[in-house]
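The values are calculated or read from the model by the stated rules, or taken from the named source; none is laboratory data. From a predicted model like this one, the values you see are computed outputs, not experimental measurements. Here the Cβ positions follow ideal geometry from the backbone for every residue, glycine too, while neighbour counts run over all protein chains shown. Ligands, DNA and RNA are stripped out before the accessible areas are found, and what is left, the full protein with its side chains, is counted by its heavy atoms. Shrake-Rupley method; radii C 1.70, N 1.55, O 1.52, S 1.80 Å.
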Amino acid sequence: MLYQQIACNKRKTILVLAGFFLLVALVGAAFGRLFAGTAGGGVIFALILTLIYVSVIWGQSTDVVMNMNHAKEIHSAAESPQLWHVVEDMAMVAQVPMPRVFIIDDPSPNAFATGNDPQHAAVAATAGLLQMMDREELEGVMGHEMSHVRNYDIRLQTIALALASAISLLVNFAGNFWWWGGGRRDDDNDAGGVLAIFGSIILLIFAPLAATITQMALSRNREYLADAGSVELTRNPQGLISALEKLKDAQPMKAADQASSALYISDPLKNARHRPFWDNLFDTHPPLDDRIERLRHM
């Protein structure tokens with residue numbers, strides 16, 4: 001059951017990423033059609049822009065993400081013995097290098113992993129998580145984070161962020177060009193041309209929403225996969241189940257960075273329990289109850 005779920009989630013991730021790249025191409029085609037008269041040129045422009053964004057975001061160090069979340073690095077087990085040894089154990093079981101370890105001085109329990117690959121990874125845990133979780137629960141949480149590292153989810157999130165940023169920039173370019181009269185008018189009287197322009201405008205208007213939904217689907221899918229990976233590493237689903245039960249009552253973090261909120265094991269900006277069901281529709285995290293239910297059937 002566990003390995004079937006992992007394989008299913010991987011297939012879904014490939015489909016979601018393919019949809020993301022298709023959306024970038026469509027937005028580029030719409031942009032090119034409106035302002036250059038050629039959809040192909042717009043696609044090429046969009047792909048070049050996306051590669052630039054990937055390169056820029058790729059060059060950002062782990063230190064930037066940690067600074068944004070006010071995390072402080074620890075360098076030995078003497079500074080936080082239980083956290084250090086649990087991360088060390090989970091890294092060994094996952095067969096990845098020992099990541100850098102950080103602590104965030106916040107009473108709300110949470111954790112995340114970041115980096116470009118397992119060789120340059122880092123994990124962070126809040127002071128509240130270390131205070132609230134026993135070793136079994138902490139192993140479940142760190143198993144989840146090390147699964148993100150082992151599965152290259154940290155790299156996947158970087159790519160998704162770059163794609164979403166490229167789409168937003170293209171849409172902003174289109175809005176500015178249109179506002180200043182930059183759209184082509186040569187074929188405005190042609191029925192096919194008018195229809196193509198109308199379709200391009202509609203696509204550009206709804207592209208950011210589509211990008212958000214795609215990013216949400218990607219992140220949700222990887223959370224389920226990391227939960228399954230944690231069970232694979234710890235051989236103990238009850239540890240993560242118990243940890244997620246405690247996270248349901250966690251209050252929002254005081255200074256979590258919104259741009260990196262999708263990295264956390266649980267949404268750091270909202271309380272998981274006291275929310276109407278429709279408030280979960282556009283979350284990057286699946287509901288904790290759903291995650292717990294899946295774990296109980298493993």
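Keeping every protein chain present and rolling a 1.4 Å probe, give me the accessible area per residue for segment 57-136 in Å². All intermediate terms of the calculation are to be shown ahead of the outcome.
On the way: 3700 Å² over 80 residues.
Ligands and nucleic acids excluded, the result is 46 Å² per residue.
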Using the alpha-carbon centroid of each, what span in Å lies between segment 55-82 and segment 150-171?
20
Points 7 angstrom from Cα along the Cβ direction at ILE48 and ASP290: gap in nanometres?
4.0
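Let a ≥ b ≥ c be the square roots of the eigenvalues of the Cα gyration tensor of segment 68-172; is it rounded (a/c under 1.5), or, if not, prolate (a/b larger than b/c) or oblate?
Working: a/c = 2.31, a/b = 1.65, b/c = 1.40.
Prolate, because a/c is 1.5 or more and a/b exceeds b/c.
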Once you have the Cα-Cα distance between SER76 and ASN172, take 0.36 nm times their residue separation minus that, and quote the gain in nm to one decimal.
29.9 nm
Sticking with the crude label model, points 7 Å out along Cα→Cβ, report the distance from LEU269 to ASP63 in nm, one decimal please.
2.7
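Which FRET efficiency, nearest 0.05, do ILE202 and SER55 yield, Cβ-Cβ r, R0 45 Å?
On the way: r = 31 Å, r/R0 = 0.69.
The pair ILE202/SER55 has a calculated efficiency of 0.90.
Tell me the net charge near ASN236. Cut-off is 9 Å between Cβ atoms, ASN236 excluded, with +1 for each Lys or Arg and -1 for each Asp or Glu. Mind dumping the intermediate values first?
Details: positive: ARG235; negative: GLU136, GLU139.
Overall, the nearby charge balance is -1.
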Under the 7 Å Cα-to-Cβ spin-label approximation, LEU209 and GLN258 lie apart by a distance in nanometres of 1.9
